[in-house]
Each structure stands twice: as C-alpha cells, then as structure tokens.
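Reading through the structure tokens given below for one structure.
The values are calculated or read from the model by the stated rules, or taken from the named source; none is laboratory data. Here the structure is a predicted model, which means the values were calculated and not measured. No Cβ is skipped: glycine too gets one built from the backbone with ideal geometry, and neighbour counts run over all protein chains shown.
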Amino acid sequence: MSIFKKALTTAAVATALATSTATIAQAAPMRIAVVVKALGIGFFDAVHKGAEEAAQKLGNVKIIYTGPTNTTAEGQIQVINSLIAQHVDAIAISANDQDALVPVLKKAMSRGITVISFDSGVAKAGREMQLDDSSTPLIGKTLIKLAADHMPNGGEVAVLSASATATNQNAWIAAMKGDMKDYPKIKLVSVVYGDDLSDKSYREAQGLIKKYPDLKAIIAPTTVGIAAAAQAVEDDHLTGKVNVTGLGLPSQMAGHVKSGASKSFALWNPIDLGYAATMISYNLATHKAKAEPGAKIGMGRMGTVTLDKNNIGVMSDPFTFNASNVDKYAKMF
Amino acid sequence: MSDARHIPDRLDRPLRRLLRSWEFLLALVAVAIFIANSLASPYFLNPWNLSDATYNFTELGLIAFPMAMLIVAGEIDLSVASTIALASTLMGAAATAGAPIAVLVLIGLVVGLFCGAFNAVLVTRLGLPSIVVTIGTMSLYRGLSYIILGNQAYTAYPTGFAYFGQGYVFWVFSFELVLFVLMAVVFGALQHRTSFGRMVYAIGNNPTGALFSGIRVARVKAILFLLTGLMSGIAAVCLTSRLGSTRPSIALGWELQVVTMVVLGGVDILGGSGTIPGVVLAALVMGLVTFGFGLLNVPGIVMSIFIGLLLIGVIALPRLWSRLKPRGT
C-alpha cells in the first residue's frame, strides 16, 4: 500500500468517524418523561397516546412513560430519582401528593431538568408550571349545562359525588351551584357521596331515585359515580326519565349512552392533555418559551396556554361526549 | 478436642459454613445484580446516582433490623407503617405550632416508642397473638392520623429539618445511609454478640423451654416491640424530612415491604433463625433491583413480580434442598 493510498484511507476513515459521531450527536433525541400517578390506569394510557402523538409531530423526541405501581408519593419519588440519574431533558408529572414531591423535583430542576406538572399539580416550588385539564369555573358551568340541555322545562336534579372530603369534587360542585342562578327552573334537591366505590355509588343512586320520584337528572362529577348511577337507572327501568350526566370515561359510558341512560357527559380529553403537556415540556426544555406569570406557551394543535401569577395554565373546557362521538373515544380510554 | 465434655456450637468448619450460608447466596445475588445493572445502564456507576438509590432501602432497612429480631422471636409487627404515619402527623402538628427541630425529633421517637409499647402490652400482658394485635393497631394508628389530618397536609417544617432525609454527612454519604450502617452494626451486635440476642433465638425456637430456662420471655418480647416502635419513629423522622410534608397516607404499604426485606434476608417467618447481615444484604438487593429496573424504565409492576419471585425462591429453595438431599445420600 502506497503512502498516498494509506493517507487516503486514513482520511476516509477519519471523515467517516467524524460524520458518524456527528450523526450520533444529532440523533440523540430529547427525552421527555411522562410520570403518572400509577401505571395501568386507562386515563393515563390515553395521556401517553397524546404524548406520543406530540413526540411524533415534533420529531427526535423520545417519550419515557412511567409511574409507580400504587398511587403513592414514595413510589413516584423512586421513579423521579431514576429519571434524574438518567439525565432526562424534561419531566411532566401528574402528582400523587402536591407537597411530598417538592424536594425531589427541586433536585431535578437544580440538575437542569425541565419540570412541569399536569392534571394533579405540584406545589409552586416543585415545578416550573402546572397545566390544569380545565378550570373549576369551566367545569362547574359544564356540569349544570349538561343537565340543563336535556331538561327544557326545568325540574329536580341531584348530585352524586365522590367522598365528602374530595377537594376537586367539592370545588366543582360549589362552582356549579354558583352557576345555577342562570337556570332558575332547575332545583338541586340533594348531594350524596358514593366515595368513588362502585357498590356504594350504586346504592346512593338508587336511594336518590326512590327518595325523589320527580328527579330529572343525576349529576355525578366522578367517573366511578356516573357509571354506577347510569347502571342504577337502567336496572330500575327509568331510562329516559332520569338522565345521568357528569364526568365520565367514554369506555365505561359508551353502553349507557347507547341505552339512553346518559344523553351526554364530559371529561377533559386525556389525549389532548398528554399532547399539550409534551408540547409545553418541549418548548420549555428547548428554551423556546419561559414559564413565568403572563407567559403564553404554545401547545401545538391545542393553541396556547396563558400562565397566571402562580404559573398555572388551563388547557381547555371539558370535552362533551354524546352518541355521535362516544364510540370513537371509547376505544381509546 | 481433648475435653470430652466439649459440645461444638458449630458443626461445619467456618469457611464451609459461610459458603453454604444464606447470606453468601444473597451476597452473590447482590453482586450479580450490581454487575448486570452496570452493564445494562450507562447511568448506574455514578456515585451520586448510587447515593440517590440508597434512599430506596434506608428507611425500610431501619425498621427491618428490629423487625428481624421480632420475627426471630416468633412475633411480628404489622403496625410499623401506621406508626410512621402517626409519628409524622404529630410531628407535623408540632411543627405547625412552631416547635423547634429537636422537639420534632423527640416527638417522632416518643410516638414510635409509645406505639411499640401499646403493642407490647397487648401481646405480652393480655397474651394476644401479635399478628392480630398489630393488624388492629395498623388500622388504629393510621386511623388516628386520618382523623387529625383528614384531607389536609402538614408542610410547615423548619428549614433545618430537611437534613435528616436530604442532608449528607460527607460527600455522597447521606445522613440516612450513615444511620443505616450505624444501626446495622448496633443491631448486628445486639443480635449476635449479646446474651439478649441468644435469648431471642431461644424464645423463637422454643418459648416454653426458654421460659423454663429462666428467660423472661415477656420482657424480651416487650423490649423488641419497643425497639421496633422506636425505629419506626426514627424512620418517620427521616421520611418526613425527605418528603418535607405529612399526609395520612405516608408510608402506605411499607409494613409488607419491611417483612419482605426481612424474609428475603433469610429470617424464618416462623421464628428461630435469621441474621442481621442477611437483612442488610436483602436491603441492598431490593434497593439495587428497584433502582436498576428504574434506570431502564421497567414498569413498577415488573419489579414487584421480580421481588415476589425472588421471595418465593428464597423460601422454596432451602426446603427443596433439604427435601432432595436425603434421597441423594
């Protein structure tokens, strides 16, 4: 082999090496971790779907979908410690405990990881921003509207909630009561609690039906309660007389919509939520946006989110499901 | 041996005994997992990451030491996680009222001791089975913290309080890790180098025989319950400090993780045998598995399955071994 040839090969090899390292550097994707309350929950599997959709649209983004086995803060801390160890670029979390996760998330941020919370938020010190699925006023308004849409002549409605101490449900019910002034012909006769247990919710719904023979609608702002109430209405052959509505999962409610026990119901769309959380994480991690009060951050097809003084943003109105679209979403979550 | 009356207390020679011991097998498993993790993830062999990983087992381990002695003595305490919840809740209440750090720690320890004492009285004075008593107090202690806290959380801990769960003694050695090692030595010495430890084995093997040999069985058991309560109180201080907050659901399900750690460490669930070094190794194995799988983003349920299989293997292998051996010889 001549010296010239040797030099040429060396050069070629060097170039090849250089290009390959360059491609590797370029190909290292941005890693966004989506940490959920626990794995194996349909709602969060749909969030994952939305996150993957956003990743595909952005390109060169890898989603790490993870979470503990049980909905505990301790379990999420273990998961976050391993994500910090992997130096992921961003963490988007739906928290099991708004306070207990603060120290470990602070540590993540101090190591240069972008941290946002979505759905169930983290206290202000533990995240750059929080993305709410919807807002309490918007949910309250939607709840009463869902019932009112199908009772033009007004009448009696009752609420079947989760537990008496459930913070979210209590805030939504309070907001809904505030909005009832717009519907003077509708009367709220009772609020009962099924504790998010199917059997107890079912019995409470039956109790409502027996106690208030003129009841026109049951509003259940909980996925467990709404399904149980719809079942109770069907079992008591009151379909068409008592309309069950509130917040529910399409997969659990599709049958009840078909039977007519529920004319419509609402929920934030978890696919949109996962999509929006991923888009925001990407924009913050690439410094295209900064999480600060008043900031407007892009969420791709979901538009933009505006942050309030606590860096909390609201994604959208709850999404209404009815006979026309429930089947499509039932396949997803 | 010229002395005709000499009764050997060890039948095998030390090396042979070591090689056949449960602890040696566990150590091999730990090394294997360590090597596998190093090969599987580029992030594993980093002192800070390994330091973070120790939090997976330090608090559980602190409780596992006295629990191991308790199980060796033929008793069990399932109320440890609820003791953490109650201790943490009362610390939180005191912190909200403005108590200084030393008082908070004292409250944690005293509440732990008190919970242990209550179990001890019910088991040793009333002669109730410990599994029943502590299933009861498991609901009782956590129930109390639910009554006190409801849906709220205590978050007003003083800044310096974070040291116990987030601070470092030097370099990557966290306060919790140093405490874990210290307690391993203390409990190792207590179990294997004192007459108290011998009494614990005697009680576990034959409580009636122990009683007739002049061992104050009830007193030894009471001390073990107190120690378990105290260590749960210490774990409560560490965990509360690490989380920087208290909710009644704190440490939910930890009692079973502690028992898993103890049994994985080779302690006979029926009492009578087991060692503290075994429990230390089991803590390491559980911590390494959890962290290694976490680095690979393996879902938590797979980890649970792995730990479950490990546990069944641990219990089944020695029995299979002893069953097969007579036929072989």
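Among residues that are among the aliphatic types (A, V, I, L, M), within 14 Å of another protein chain (Cβ to nearest Cβ) and in contact with a Leu (Cβ under 6 Å, 6 or more places away or on another chain), A:Ala28 is not included.
The residue list B:Gly233, B:Gly271, B:Gly287, B:Gly292 contains one member that is more than 14 Å from every other protein chain (Cβ to nearest Cβ) and modelled with pLDDT under 95, which is B:Gly271. The numbered conditions (1) surrounded by fewer than 24 Cβ atoms within 10 Å (Cβ to Cβ); (2) under 30 Å from B:Ala95 (Cβ atoms); (3) away from every other protein chain (no Cβ under 14 Å) are all true for B:Thr194 except (2). Within the range A:90-128, the set of residues being within 10 Å of another protein chain (Cβ to nearest Cβ) and of a type in the set (D, E, K, R) comprises A:Asp97, A:Asp99, A:Lys106, A:Lys107, A:Arg111. Within the option set B:Thr228, B:Thr275, B:Thr246, B:Thr240, being over 30 Å from B:Ala156 (Cα atoms) and among the hydroxyl-bearing types (Ser, Thr, Tyr) holds for one residue only, B:Thr275. Only a single criterion out of (1) farther than 26 Å from B:Asn56 by Cα; (2) of a type in the set (A, V, I, L, M, F, W, C); (3) surrounded by fewer than 24 Cβ atoms within 10 Å (Cβ to Cβ) is not satisfied by A:Ala85, namely (1).
Applying the criterion of being within 14 Å of another protein chain (Cβ to nearest Cβ) and of a type in the set (A, V, I, L, M) to the residues of the range B:42-62, the residue that is surrounded by the most Cβ atoms within 10 Å (Cβ to Cβ) is B:Leu60.
So A:Gly274 clears everything in (1) more than 19 Å from the chain's Cα centre (by Cα); (2) surrounded by 21 or more Cβ atoms within 10 Å (Cβ to Cβ) except one condition, right? Which one? With (1) more than 19 Å from the chain's Cα centre (by Cα); (2) surrounded by 21 or more Cβ atoms within 10 Å (Cβ to Cβ) applied to A:Gly274, the lone miss is (1). Residues that are within 17 Å of A:Ile280 (Cβ to Cβ) and facing chain B (nearest Cβ under 10 Å) within the range A:51-89 comprise A:Ile64, A:Tyr65, A:Val88, listed in sequence order.
For the range A:238-251, does any single residue satisfy the condition of being of a type in the set (Gly, Ala, Ser), at pLDDT 95 or above and at positive phi? Yes, there is a match, as at least one residue in the range A:238-251 is of a type in the set (Gly, Ala, Ser), at pLDDT 95 or above and at positive phi.
Of the numbered criteria (1) closer than 20 Å to A:Ile144 by Cα; (2) within 22 Å of the chain's Cα centre (by Cα), the one A:Val242 fails is (2).
Note on the range A:264-302: residues that are touching a residue at least 12 places away in the same chain (Cβ under 8 Å) and either among the hydroxyl-bearing types (Ser, Thr, Tyr) or not in a helix (DSSP H, G or I) (or both) total 19. Only residues that are among the polar types (S, T, N, Q) and not in a loop (DSSP other than H, G, I, E, B) were counted across the range B:276-329, and they come to 3. Any residue that is closer than 24 Å to A:Ala171 by Cα, among the hydroxyl-bearing types (Ser, Thr, Tyr) and surrounded by fewer than 17 Cβ atoms within 10 Å (Cβ to Cβ) - is there at least one of those in the range A:211-230? Within the range A:211-230 (the criterion being closer than 24 Å to A:Ala171 by Cα, among the hydroxyl-bearing types (Ser, Thr, Tyr) and surrounded by fewer than 17 Cβ atoms within 10 Å (Cβ to Cβ)), the answer is no, since none of the residues qualifies. When every residue of the range B:205-227 is checked against the conditions, none turns out to be within 23 Å of the chain's Cα centre (by Cα), of a type in the set (D, E, K, R), within 21 Å of B:Ile250 (Cβ to Cβ) and surrounded by 14 or more Cβ atoms within 10 Å (Cβ to Cβ).
For every residue, the table says whether it meets (1) β-branched (Val, Ile, Thr); (2) in contact with a strand residue (DSSP E or B) (Cβ under 9 Å, 6 or more places away or on another chain); (3) outside any helix (DSSP H, G or I).
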{"site": "B:Val169", "(1), (2), (3)": "yes, no, yes"}
{"site": "B:Leu177", "(1), (2), (3)": "no, yes, no"}
{"site": "B:Val186", "(1), (2), (3)": "yes, no, no"}
{"site": "B:Tyr201", "(1), (2), (3)": "no, no, no"}
{"site": "B:Gly214", "(1), (2), (3)": "no, no, yes"}
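One residue stands out in the range A:189-200 among those that are touching a strand residue (DSSP E or B) at 6+ places or on another chain (Cβ under 6 Å) and closer than 14 Å to A:Pro221 by Cβ: the one that is surrounded by the fewest Cβ atoms within 10 Å (Cβ to Cβ), namely A:Val191.
Only one of the listed residues (B:Gly160, B:Gly165) is outside any loop (DSSP other than H, G, I, E, B), under 18 Å from the mean Cα position of the chain (by Cα) and touching a residue at least 24 places away in the same chain (Cβ under 8 Å). That residue is B:Gly165.
Which one of the conditions (1) in a loop (DSSP other than H, G, I, E, B); (2) crowded, with 19+ Cβ neighbours inside 10 Å does B:Ser273 fail to meet, given that it meets all the rest? That leaves (2) as the condition not met. Only residues that are among the hydroxyl-bearing types (Ser, Thr, Tyr) and out of contact with any Gly (no Cβ under 8 Å at 6 or more places or on another chain) were counted in the range A:156-176, giving 2.
Among the residues of the range B:242-255, the ones that are more than 9 Å from B:Ser88 (Cβ to Cβ), part of a helix (DSSP H, G or I) and at the interface with chain A (Cβ under 7 Å from one of its Cβ atoms) come to 1 in all. If only residues of the range A:35-74 that are small (Gly, Ala, Ser) and in a helix (DSSP H, G or I) are counted, the one that is surrounded by the most Cβ atoms within 10 Å (Cβ to Cβ) is A:Ala51.
For A:Ala323, the stated conditions hold: it is farther than 18 Å from A:Ala46 by Cβ, touching a residue at least 60 places away in the same chain (Cβ under 8 Å) and surrounded by fewer than 16 Cβ atoms within 10 Å (Cβ to Cβ). No other residue among B:Val302, B:Val314, B:Val258 is over 30 Å from B:Thr155 (Cβ atoms) and away from chain A (no Cβ under 11 Å) apart from B:Val314.
Going through (1) surrounded by fewer than 24 Cβ atoms within 10 Å (Cβ to Cβ); (2) part of a helix (DSSP H, G or I) one by one, B:Ser232 falls short only on (1). For the criterion of being modelled with pLDDT of 95 or more, within 14 Å of chain A (Cβ to nearest Cβ) and touching a helix residue (DSSP H, G or I) at 6+ places or on another chain (Cβ under 9 Å), B:Arg142 passes.
Look at B:Leu281 and say whether it is under 30 Å from B:His192 (Cβ atoms), surrounded by fewer than 17 Cβ atoms within 10 Å (Cβ to Cβ) and of a type outside the set (Asp, Glu). Judged against the criteria, B:Leu281 is not a match.
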